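Single-structure report; data block below.
The values are calculated or read from the model by the stated rules, or taken from the named source; none is laboratory data. In this text, all values refer to a predicted model and were calculated from it rather than measured experimentally. Every residue, glycine among them, receives a Cβ derived from its backbone with ideal geometry; neighbour counts consider all protein chains shown. We work out accessible area using only protein heavy atoms, side chains counted, and drop any ligands, DNA or RNA first. Shrake-Rupley method; radii C 1.70, N 1.55, O 1.52, S 1.80 Å.
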Amino acid sequence: MIFLKQFDELGRDDIDQAGGKGANLGELTRAGLPVPPGFVIVTDAYRAYVAEHQLAEKIAALAAPTDDPAGYESVSEQIRALFADEVSDDLRAQIAEAYATLGEDVPVAVRSSATAEDLPEASFAGQQDTYLNVRGRDDLLAAVRDCWASLWTARAIAYRARQGIDPSTVSLAVVVQQLVDAEAAGVMFTANPSTGRRDEAVISAAWGLGESVVSGSVNTDNIVVHEPDGKVVSSETADKAVMTVRAERRTEEREVPGEQRTRPVLTEADAVELANYGIRIEEHFGAPQDIEWARADGRFWIVQARPITAIPEPEAPMPTDWTVPQPTAMYARASIVEQLPDPLSPLFADMIDGAVTRSLQALFREFLNEDLIKDDDVGLPTVNGYAYYRYGRSGMARLMWKSPKAFRVLLGRGALSVQARWRTYSHPRYRRRVNDWTARNISELSTDELLAGVEELVEAAAEYYTAVQTIIPAAATSEILLTRFYDTVVRSKDDPPAQVFVLGFDSAPIRAEKSLYDLATWTRDHPELAESLRALPPQEFLERAATSEDSVWHEWHTRFEAHLSAYGHTIYNLDFMNPVPADDPAPLLETLKFFVSGKGVDPYERQRRFATRREEATAVVLARLDPARAKAFRRLLHWAQSAAPIREDALADVGLGWPQVRRMLLEIGRRLQQAGVINDPNDVFWLHRSEIDEGAASLADQVEQRKELWRGQRRATPPQLLPKGGWGDAFRRWMPAASEEQTGDVIKGIGGSMGTITAPARVLGGPQDFGQMQPGDVLVASITTPAWTSLFAMASGVVTDIGGPLSHSSIVAREYGIPAVLGTAVATRRIHSGQMIKVDGDAGTVTLLDGKGPAVAEPAVTSSSRRRIILGAAGAAAAAAGLTAIVLRRRKSRP
């Protein structure tokens, strides 16, 4: 049997024989790259050795998966001891012959090459061993056995277990390569692993052999080369204290001579030459590469290449300049940021700005019968991609003067009052327009007709959202007044906090949770289905449910579709670029699995418990109040209890038109893709309104540039008010987030739901991350909207960058009985997943902890949380005009 192959006999299709490393070296050699000569002892040799010494069953028994990661060390020691016997005479002879072709006792590098390593989907770098400066046949044979044994290092066993790779399916080849006696060596990435930019090569370089660079034991020079024009864009020279060099046996570390420590390892010309090799290698393999290189006698050698497995999408630099287009205007990240936490897509930004202005104009025209708002008074432009309400000074003055009159109408009892207008006008009107467009066959409509439909539904959504913005301050005011009255003239020492009186009511997010819980209960009654839900990837499960002819699976699918029909339009983000649950229901399955596993609290029982506590507390309070205070308390109680659920119901339907809007835009996207304008239907969201033309030239490059810009912008923390130091600073205290410049271990925010918890954090950027959530984690997010509510059943607490005590996050957290700290501005950037944090919903603080341990619930403190109204365009003016006093006068005047 042939157990060896030369590099030039191997290619990328020979992984089963040569392992990932050996196959790649063969491919590089055949492509004419400067690879040191060598050969590969193929996997058949490993299998023959295992069979000859009857090791398979012993290894399988020892390497079985374990729940105790620490046990891998003991397992590894036992398995590696099995490789002490000599190799067969046949293999010995083949290795000796191949080694002789490299030279007499030439030093070689002996590297493990596993069949499941250096693949695009998983990198096993560092999991097996490498031996440098191996000399002589006996030394080489020992190194080969040690490489085979290193297939079973503790870290390799654990890594394969995490990747779900069956131990019985792996085997190992061994690469034997002439050692480059390098004066310098290092690593090169052909794409920037920090920014994801595919046009930048990043080079790390140090003196001596490359082992010190790979192991991370030495500081390295770091050079970035812009590949298209071969220019060095940045270069950092490190103080390189040690280097790895050849020794009498193997290698050793030595101090770098003083004058050499701070001297650059590579000149700019060297770096560009090396980057050019990287370009050739990347083009050959068709993917960004992680390359190990060495330099000797002025010549570069490529000693290894593998795909980069965790490169981020490319992004532009994070913006730091927040200059506004109109310095005399005020730019505010007000309540809309609860729905728009990220930079906007170009198409949404184009459509929403004018729609918001027109909806506000129509609202005030309706209430006051006059054109109060001019085109330049209010808008929704972007600064570095982020949406801001823009208020002109004169427009703000008119709003402040006229808003009290408008709000007296809204907070009254007439047809234009908040609740009446929403129930009888805003909500039905929005639904009718959505239904009208949903009933049309979009495939029969022209692109212009589709675009007109999208614009009509965006206008309808903006109009509806403006109506919702009248509900938010009304609901906020009702709870603030109830709390102030209760704390000032009603509450006794042992009474519960005012929050108790607004808990236990139904709202859209709670009904959605009940719907999922009911589906989970039904699923549990069908064990095979429940097991498939737990075991299969979400998308695979959903596809099977949609296509299965089995009656149980079909019934599950029907029930799930009913849930999506009722709640699938709730938004994760108002920008229509983002899918809603109806488009991508997979994130919902994480909560469904949670309920199916019997975890979590029965939402019906939780609501009943809160309602009972509320009614009992109400009865106790009213029993001791005099008639005057009891009457006032009842009025305020009724107002707050009726307003809070309406707010959540209204917010949950903001995205009512989004499933149809996305269907129409994706239909346009498919047509543009077919016309060669864009590469993917989803790229339509990255076009400007004026660019949607099937006859346009390709915009693929512009789309990619906009995506890179957006990713860089998303890393920024947008200021709440702009420009800094302007007249708008008087409104800063109304903004729904704290300072963007917080440091230290304690992050300050706004207490949104009482109680304290210490638990691991789980930082989620959106629904694509929902699968990372573990029961008992603290949910940390930029914001949460009604579509996030499914995660609250799993969370032990909530922390957000944006929001206040009367935002969605706060209201739902209180319904779930978990602490919440909101409006921290920096939580998602200061906290990392898995970090232990203490969330104090009473003090409004999050403490970053170093230790790790189980979640520890602490008794809730009953002090009142700080209050802020989350302001919309009209809300800011109303607050400035003294809305609270107006409402009090209005309420007192009622019979």
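Of the residues Ala843, Ala825, the single one that is hydrophobic (A, V, I, L, M, F, W, C), open to solvent by 20 Å² or more (accessible area, probe 1.4 Å) and either closer than 27 Å to Tyr604 by Cβ or in a loop (DSSP other than H, G, I, E, B) (or both) is Ala843. Within segment 322-337, being under 22 Å from Ser782 (Cβ atoms) and out of contact with any strand residue (DSSP E or B) (no Cβ under 8 Å at 6 or more places or on another chain) holds for one residue alone: Ser335. Segment 200-286 holds helices (runs of 4 or more DSSP H) entirely within its bounds, and those carrying 3 or more residues that are open to solvent by 30 Å² or more (accessible area, probe 1.4 Å) and charged (D, E, K, R) map to 268-285.
Check whether at least one residue in segment 491-514 is over 28 Å from Arg606 (Cβ atoms) and either of a type in the set (Asp, Glu) or crowded, with 16+ Cβ neighbours inside 10 Å (or both), and report yes or no. Looking for residues that are over 28 Å from Arg606 (Cβ atoms) and either of a type in the set (Asp, Glu) or crowded, with 16+ Cβ neighbours inside 10 Å (or both), one finds none in segment 491-514, hence no.
Of everything in segment 828-840 that is open to solvent by 20 Å² or more (accessible area, probe 1.4 Å) and within 24 Å of Gln720 (Cα to Cα), the residue that is modelled with the lowest pLDDT is Arg829. If you check Ala582 against the conditions, is it under 23 Å from Phe792 (Cα atoms) and touching a residue at least 60 places away in the same chain (Cβ under 8 Å)? Here the answer is yes, as Ala582 does meet what is asked. Scanning segment 459-508 for residues that are over 20 Å from Leu651 (Cβ atoms), among the acidic types (Asp, Glu) and either free of Cβ contacts under 8 Å to residues at least 40 places away in the same chain or not in a helix (DSSP H, G or I) (or both) returns Asp494, Asp495. From the list Leu151, Leu140, the lone residue that is at pLDDT below 90 and of a type in the set (A, V, I, L, M) is Leu151. If the condition is being open to solvent by 20 Å² or more (accessible area, probe 1.4 Å) and under 20 Å from Ala305 (Cβ atoms), then segment 36-48 contributes only Pro37. Are any residues in segment 340-373 touching a Leu at 6+ places or on another chain (Cβ under 8 Å), assigned to a loop (DSSP other than H, G, I, E, B) and free of Cβ contacts under 8 Å to residues at least 60 places away in the same chain, and if so, which ones? Passing the criteria: Leu372, Ile373. May I ask you to say which residue of Val409, Val383, Val356 is among the hydrophobic types (A, V, I, L, M, F, W, C), more than 25 Å from the chain's Cα centre (by Cα) and modelled with pLDDT of 75 or more? When all the criteria are applied, what remains is Val356.
Summed over segment 287-321, the residues that are of a type outside the set (S, T, N, Q), out of contact with any strand residue (DSSP E or B) (no Cβ under 8 Å at 6 or more places or on another chain) and open to solvent by 40 Å² or more (accessible area, probe 1.4 Å) give a count of 9. The residue that is modelled with the lowest pLDDT, among those in segment 418-430 that are buried (at least 16 other Cβ atoms within 10 Å of the Cβ) and not aromatic (Phe, Trp, Tyr), is Val418.
For segment 571-605, filtered to residues that are assigned to a loop (DSSP other than H, G, I, E, B), of a type in the set (A, V, I, L, M) and touching a Pro at 6+ places or on another chain (Cβ under 7 Å), the residue that is most open to solvent (accessible area, probe 1.4 Å) is Ala582. Filtered by the rule that a residue be surrounded by fewer than 21 Cβ atoms within 10 Å (Cβ to Cβ) and closer than 16 Å to Ser690 by Cβ, segment 352-368 gives Asp353, Gly354.
Of the residues Val621, Val661, the single one that is out of contact with any His (no Cβ under 9 Å at 6 or more places or on another chain), open to solvent by less than 70 Å² (accessible area, probe 1.4 Å) and within 30 Å of Met577 (Cα to Cα) is Val661. Of all residue pairs spaced 6 or more apart or on separate chains, those with beta-carbon atoms under 6 Å, a first member in segment 663-675 that is among the polar types (S, T, N, Q) and a second member that is open to solvent by less than 50 Å² (accessible area, probe 1.4 Å) are Gln673/Pro681.
I'd like to know if segment 101-112 contains one or more residues that are open to solvent by 20 Å² or more (accessible area, probe 1.4 Å), without any contact (Cβ under 8 Å) to a residue 12 or more places away in the chain and either part of a helix (DSSP H, G or I) or touching a helix residue (DSSP H, G or I) at 6+ places or on another chain (Cβ under 6 Å) (or both). Scanning segment 101-112, I find no residue that is open to solvent by 20 Å² or more (accessible area, probe 1.4 Å), without any contact (Cβ under 8 Å) to a residue 12 or more places away in the chain and either part of a helix (DSSP H, G or I) or touching a helix residue (DSSP H, G or I) at 6+ places or on another chain (Cβ under 6 Å) (or both), so the answer is no. I'd like to check something: does segment 515-527 contain any residue that is basic (Lys, Arg), open to solvent by 50 Å² or more (accessible area, probe 1.4 Å) and not in a helix (DSSP H, G or I)? Among the residues of segment 515-527, not one is basic (Lys, Arg), open to solvent by 50 Å² or more (accessible area, probe 1.4 Å) and not in a helix (DSSP H, G or I), which makes the answer no. The residues of segment 422-444 that are out of contact with any Asp or Glu (no Cβ under 8 Å at 6 or more places or on another chain) and among the aliphatic types (A, V, I, L, M), listed by number, are Val434, Ala439. Within segment 512-528, track down each residue that is over 10 Å from Thr789 (Cβ atoms) and of a type in the set (D, E, K, R). Selection gives Lys514, Asp518, Arg524, Asp525, Glu528.
For Leu344, state whether it is buried (at least 21 other Cβ atoms within 10 Å of the Cβ) and under 29 Å from the mean Cα position of the chain (by Cα). Considered against the rule, which asks whether it is buried (at least 21 other Cβ atoms within 10 Å of the Cβ) and under 29 Å from the mean Cα position of the chain (by Cα), Leu344 comes out as yes. So which residues in segment 535-562 are in a helix (DSSP H, G or I), surrounded by 13 or more Cβ atoms within 10 Å (Cβ to Cβ) and not aliphatic (A, V, I, L, M)? Those that are in a helix (DSSP H, G or I), surrounded by 13 or more Cβ atoms within 10 Å (Cβ to Cβ) and not aliphatic (A, V, I, L, M): Pro538, Phe541, Arg544, Trp553, His554, Glu555, Trp556, His557, Arg559, Phe560, Glu561.
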